[in-house]
Every structure is written in structure tokens, then in C-alpha cells.
1. At 7 Å along Cα-to-Cβ for each site, give me the label-to-label distance between T113 and T52 in nm.
2. Multiplying the sequence separation of Q36 and E4 by 0.36 nm and subtracting their Cα-Cα distance, what value in nm do you get?
3. Would you work out the charge dipole size for the chain about its Cα centre, treating the Cβ of every Lys and Arg as +1 and the Cβ of every Asp and Glu as -1, and quote it to the nearest 20 debye?
4. Suppose R0 equals 22 Å. What FRET efficiency, 1/(1 + (r/R0)^6) with r the Cβ-Cβ distance, do A76 and T100 give to the nearest 0.05?
5. Would you indicate which of [x] 1.15; [y] 1.34; [z] 1.01 is the value of Rg/Rh (Cα atoms, Kirkwood Rh) derived from the coordinates of this structure?
6. Let me cross-check K105: its accessible surface, 1.4 Å probe, with only protein heavy atoms counted, in Å² to the nearest 10?
7. Determine, from the Cβ-Cβ distance of E59 and H28 and an R0 of 30 Å, the FRET efficiency 1/(1 + (r/R0)^6), rounded to the nearest 0.05.
8. Give me the number: length gained by fully extending V17 to E67, i.e. 0.36 nm times residue separation minus the C-alpha to C-alpha distance, one decimal in nm.
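The values are calculated or read from the model by the stated rules, or taken from the named source; none is laboratory data. Given the structure is predicted, the values throughout are model-derived calculations rather than measurements. We place every Cβ from the backbone using ideal geometry, glycine too, and count neighbours over all the protein chains shown. Heads up: the accessible areas ignore ligands, DNA and RNA and are worked out on the full protein's heavy atoms, side chains in. Shrake-Rupley method; radii C 1.70, N 1.55, O 1.52, S 1.80 Å.
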Amino acid sequence: MVKEINPIAVYAGDTVVFPQIHFLQADHAGYDFDDQGWSNWRAYWEGPVSGTKSKIPLEVDDSGSAEGRFIVTADAATTRAMRGNGTWDLQAERGDEVRTWLRGKTIYTKDVTP
């Protein structure tokens with residue numbers, strides 16, 4: 001099941017660090033994605049750019065995946081390219097299996113400073 005998180009505010013030209021993602025097991029220990037064989041973590045944003053849907057890659061820090069922790073970021077150039085509200089997701093692979101673990105929306109505000 002894909003977990004949906006609250007919308008994230010994106011101000012064009014600013015770096016956005018999405019809320020730190022921490023997957024927990026029933027006993028509140030971090031979920032060990034490495035032990036379960038999940039790898040190739042990636043996140044993309046999708047939204048309207050120049051009248052068409054565009055996919056823009058986001059940065060994923062998966063160095064804490066053995067503890068169930070991930071950090072997704074968009075640098076200033078990426079947020080400038082977004083140009084509208086959109087959606088994003090985080091997925092990984094395990095062998096031939098692909099799974100989306102998180103998704104959410106972004107709320108875009110155009111910047112004033114060039």
C-alpha cells in the first residue's frame with residue numbers, strides 16, 4: 001500500500017527538503033529495507049511544464065535505508081523548473097519487483113527574485 005503524505009510547499013528557486021521519511025515496524029524499530037533487498041531508490045515530481053506533463057527527478061538520500069530513513073530534496077534549479085502544482089513519489093526495486101512506497105502533492109509558488 002502506498003502511503004500518501006501531506007502536501008509540500010515549493011517556492012520556486014529555493015531548495016526544498018521534504019519531511020524526513022522514517023518507516024517503522026509494528027514494534028517501532030526502523031524497517032530494514034537493505035535486509036529485505038530493496039534498492040535503486042528514486043523519486044520524481046510530475047506536473048505541468050510548458051503546457052505538458054513533465055517528470056523531473058528529485059534527489060534521494062537513501063544512506064539510512066537499513067533503518068528505514070530517507071530524505072528527498074529538490075535543489076533551487078529543480079524547484080524553478082517545476083512551474084506549477086504537481087505530484088511526486090518514491091519507489092524502489094527488489095529484483096523484478098517495483099514498488100512505490102510514498103506519494104504526495106506539491107503546492108507551487110512562483111518566486112519574485114530572479
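1. Reported label-point gap for T113 and T52 is 3.3 nm.
2. Full extension from Q36 to E4 adds 9.3 nm.
3. Values: 12 positive and 17 negative charges, 149 e Å.
Roughly 720 debye for the chain.
4. On the way: r = 26 Å, r/R0 = 1.20.
It comes to 0.25.
5. Computing Rg/Rh (Cα atoms, Kirkwood Rh) and matching it to [x] 1.15; [y] 1.34; [z] 1.01 gives [z].
6. 100
7. Details: r = 28 Å, r/R0 = 0.92.
The calculated FRET efficiency here is 0.60.
8. Details: separation 50, 0.36 × 50 = 18.00 nm, distance 1.92 nm.
Difference between extended and current length: 16.1 nm.
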